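Let me begin by presenting the structure, written as structure tokens, before commenting on it.
The values are calculated or read from the model by the stated rules, or taken from the named source; none is laboratory data. Keep in mind it's a predicted model, so treat the numbers as computed, not measured. Backbone-built Cβ (ideal geometry, glycine too); neighbour counts: all protein chains shown.
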Amino acid sequence: MTLKRNKAKFRLKFIYCLQLGAKPIVIISILIPHLDIDMSSVLISGGNGFLGYHLVEKFISKGFDVTIVDDLSTSKRSDLLEKVTFYNKRIEDFNTDEKFDYVVHLAARPSPEDYISSPVETILSNSYGTRVMLETARKSNATFMYTSSSEVYGNASVLPTPETYYGYVNPNGIRSCYDESKRFSEAMIMAYRRQYNMKVRIQRPFNVYGPRIREDGIYGRVIPRFIMQALENKDLTVHGDGLQTRSFLYIEDWLSATMKFLLANSVSHEVLNIGSDSEITVFELAKLIVEMTKSGSKIVHTEAREDDPRRRSADLTIVKSDLDWSPVVSVREGLQKTIKWFRMRSE
Ligand code: UDP
């Protein structure tokens with residue numbers, strides 16, 4: 001029976017790949033089954049965003065049957081949407097009877113200016129949205145992954161911060177729409193896991209950056225914003241004294257950890273930091289970007305952000321041993337690739 005179903009699924013996928021104009025490697029791999037191609041299906045919310053794009057690209061290259069739900073509220077339509085099943089919807093309004101092997105909930109507004117200006121949408125995608133995705137995973141008997149955030153730690157007093165640190169968060173402050181809803185989602189996911197015995201993975205990414213990261217005006221995160229300011233010879237706007245730190249993780253490192261975590265048959269820990277422990281102050285970052293772009297920009301200080309965490313650094317002890325993974329791309333190397341991408345974009 002299983003063999004028959006697998007054969008039918010196999011034939012369907014083959015036709016599907018041909019119809020989509022899938023890469024020849026995918027089609028060849030279907031014909032030669034021992035190649036490293038996975039025929040599983042995955043549903044990704046926010047699959048058109050920065051993290052989503054890279055993840056979807058990886059899944060397509062591995063032969064996954066990919067479905068994306070995204071309302072395009074924070075991203076421009078990407079070329080990959082032609083190669084997947086795409087629902088242009090807010091995640092809270094999404095409903096399907098389809099079954100998936102993996103469900104990944106990425107949809108979110110990670111840029112502070114953006115979530116502060118749309119706090120209700122931010123909370124809804126991390127509450128109703130999480131529920132919709134959890135229910136879809138539960139009905140599918142799928143492995144569920146959530147991109148939580150290092151924001152759950154708030155203004156951490158333990159650095160580097162391990163997964164066991166409970167956080168120091170203002171529950172009704174200006175960033176609470178993001179960090180408290182991320183925390184709420186984590187609680188809901190663990191409730192589902194305890195009550196329904198689901199396979200869940202919660203990752204806490206730390207300031208991921210790289211090509212394709214959103215750079216439009218004030219909605220960009222610090223790296224794309226500084227790069228664009230430098231390339232346009234505008235002042236680099238450092239908020240406050242610039243002595244606050246972040247630990248930036250290059251997208252390729254994030255991707256390798258995410259794939260390992262999601263596809264692992266079993267995990268010792270359901271919550272993992274996916275980040276870097278190499279801290280840099282925002283002021284040092286600004287100097288580095290000016291130097292690397294050979295820009296004539298000045299660095300200026302602007303008003304400090306409210307509730308801006310002073311330091312951020314990931315304790316990687318657990319993720320290193322659980323996933324046999326470490327970040328390998330240095331900030332300089334990652335910035336080089338990112339600057340190159342932004343230069344090509346603006347030419
Ligand atoms: N930042 C800055 N100037 C900017 C944008 C951001 O100094 O134009 C600082 C911000 O205050 C924070 C850090 O850079 O301390 C990282 O900000 P980002 O928006 O990337 O995200 P966060 O890590 O705060 O979620």
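Could you say whether any residue in the stretch 107-116 is more than 16 Å from the ligand (Cβ to nearest atom) and either in a loop (DSSP other than H, G, I, E, B) or in contact (Cβ under 8 Å) with a residue 60 or more places away in the chain (or both)?
So far as the stretch 107-116 goes, yes, one or more of its residues are more than 16 Å from the ligand (Cβ to nearest atom) and either in a loop (DSSP other than H, G, I, E, B) or in contact (Cβ under 8 Å) with a residue 60 or more places away in the chain (or both).
When you scan the stretch 181-233, how many residues do you find that are among the aromatic types (Phe, Trp, Tyr), in contact with a strand residue (DSSP E or B) (Cβ under 8 Å, 6 or more places away or on another chain) and more than 22 Å from THR245 (Cβ to Cβ)?
The qualifying residues number 1.
Here's the yes/no breakdown for (1) under 18 Å from VAL103 (Cα atoms); (2) at pLDDT below 95; (3) out of contact with any Lys or Arg (no Cβ under 6 Å at 6 or more places or on another chain); (4) assigned to a helix (DSSP H, G or I):
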{"residue": "ILE27", "(1), (2), (3), (4)": "no, yes, yes, yes"}
{"residue": "MET39", "(1), (2), (3), (4)": "yes, yes, no, no"}
{"residue": "GLY52", "(1), (2), (3), (4)": "yes, no, yes, yes"}
{"residue": "VAL56", "(1), (2), (3), (4)": "yes, no, yes, yes"}
{"residue": "GLY63", "(1), (2), (3), (4)": "yes, no, yes, no"}
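I'm trying to understand the selection: among the residues of the stretch 213-234, which are more than 10 Å from the ligand (Cβ to nearest atom) and assigned to a loop (DSSP other than H, G, I, E, B)?
ARG214, GLU215, ASP216, GLU232, ASN233, LYS234 - these are the residues of the stretch 213-234 that are more than 10 Å from the ligand (Cβ to nearest atom) and assigned to a loop (DSSP other than H, G, I, E, B).
Considering only residues of the stretch 109-136 that are among the hydrophobic types (A, V, I, L, M, F, W, C) and surrounded by 16 or more Cβ atoms within 10 Å (Cβ to Cβ), which is farthest from GLN203 (Cα to Cα)? Show your work before the answer.
In the first step, residues of the stretch 109-136 are kept if they are among the hydrophobic types (A, V, I, L, M, F, W, C); the result is 116, 120, 123-124, 132-134.
Narrowing further to those that are surrounded by 16 or more Cβ atoms within 10 Å (Cβ to Cβ): 116, 123-124, 132-134.
On the way: ILE116: 23, ILE123: 18, LEU124: 19, VAL132: 18, MET133: 16, LEU134: 15 Å.
Checked the stretch 109-136; the qualifying residue farthest from GLN203 (Cα to Cα) is ILE116.
Of all residues being within 13 Å of the ligand (Cβ to nearest atom), over 30 Å from VAL42 (Cα atoms) and not aromatic (Phe, Trp, Tyr) in the stretch 263-287, which is surrounded by the most Cβ atoms within 10 Å (Cβ to Cβ)? Just the residue, please.
Taking the candidates together, the pick is ALA286.
Within the stretch 86-99, does at least one residue satisfy the condition of being on the phi < 0 side of the Ramachandran plot, β-branched (Val, Ile, Thr) and free of Cβ contacts under 8 Å to residues at least 60 places away in the same chain?
Checked the stretch 86-99: at least one residue is on the phi < 0 side of the Ramachandran plot, β-branched (Val, Ile, Thr) and free of Cβ contacts under 8 Å to residues at least 60 places away in the same chain.
Condition check ((1) in contact with an Asp or Glu (Cβ under 7 Å, 6 or more places away or on another chain); (2) within 27 Å of MET228 (Cα to Cα); (3) at pLDDT 95 or above) across all residues:
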{"position": "LYS260", "(1), (2), (3)": "no, no, yes"}
{"position": "GLU270", "(1), (2), (3)": "no, no, yes"}
{"position": "ASN273", "(1), (2), (3)": "yes, no, yes"}
{"position": "THR293", "(1), (2), (3)": "no, yes, yes"}
{"position": "THR302", "(1), (2), (3)": "no, yes, yes"}
{"position": "ASP307", "(1), (2), (3)": "no, yes, no"}
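To keep it simple, each residue is scored yes or no on (1) farther than 18 Å from HIS54 by Cα; (2) in contact (Cβ under 8 Å) with a residue 12 or more places away in the chain; (3) crowded, with 19+ Cβ neighbours inside 10 Å.
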residue: GLU306; (1), (2), (3): yes, yes, no
residue: ARG310; (1), (2), (3): yes, yes, no
residue: SER313; (1), (2), (3): yes, yes, yes
residue: LEU316; (1), (2), (3): yes, yes, yes
residue: ASP322; (1), (2), (3): yes, yes, no
residue: TRP325; (1), (2), (3): yes, yes, yes
residue: TRP341; (1), (2), (3): no, yes, no
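Please find, within the stretch 144-161, the residue that is farthest from the ligand (Cβ to nearest atom) out of those that are assigned to a loop (DSSP other than H, G, I, E, B) and under 28 Å from ASN197 (Cβ atoms).
SER148
Considering GLY210, GLY242, GLY296, GLY220, which residue is over 30 Å from ASN141 (Cα atoms) and free of Cβ contacts under 8 Å to residues at least 60 places away in the same chain?
So the residue among GLY210, GLY242, GLY296, GLY220 that is over 30 Å from ASN141 (Cα atoms) and free of Cβ contacts under 8 Å to residues at least 60 places away in the same chain is GLY242.
Let me spell it out: the conditions are (1) surrounded by 17 or more Cβ atoms within 10 Å (Cβ to Cβ); (2) out of contact with any Lys or Arg (no Cβ under 7 Å at 6 or more places or on another chain), and LEU231 meets all of them except one. Which number is the exception?
So the condition that LEU231 fails would be (2).
Among the residues of the stretch 309-344, which ones are within 16 Å of the ligand (Cβ to nearest atom) and touching an Asp or Glu at 6+ places or on another chain (Cβ under 6 Å)?
Result: SER313, ALA314.
ILE174 fails exactly one of the following numbered conditions: (1) more than 13 Å from the ligand (Cβ to nearest atom); (2) in a loop (DSSP other than H, G, I, E, B); (3) among the hydrophobic types (A, V, I, L, M, F, W, C). What is the number of that condition?
Just one mismatch for ILE174, condition (1).
VAL290: in a strand (DSSP E or B) and within 16 Å of the ligand (Cβ to nearest atom), yes or no?
no
Could you tell me whether THR74 is within 16 Å of the ligand (Cβ to nearest atom), polar (S, T, N, Q), part of a helix (DSSP H, G or I) and closer than 24 Å to SER181 by Cβ?
Here the answer is no, as THR74 does not meet what is asked.
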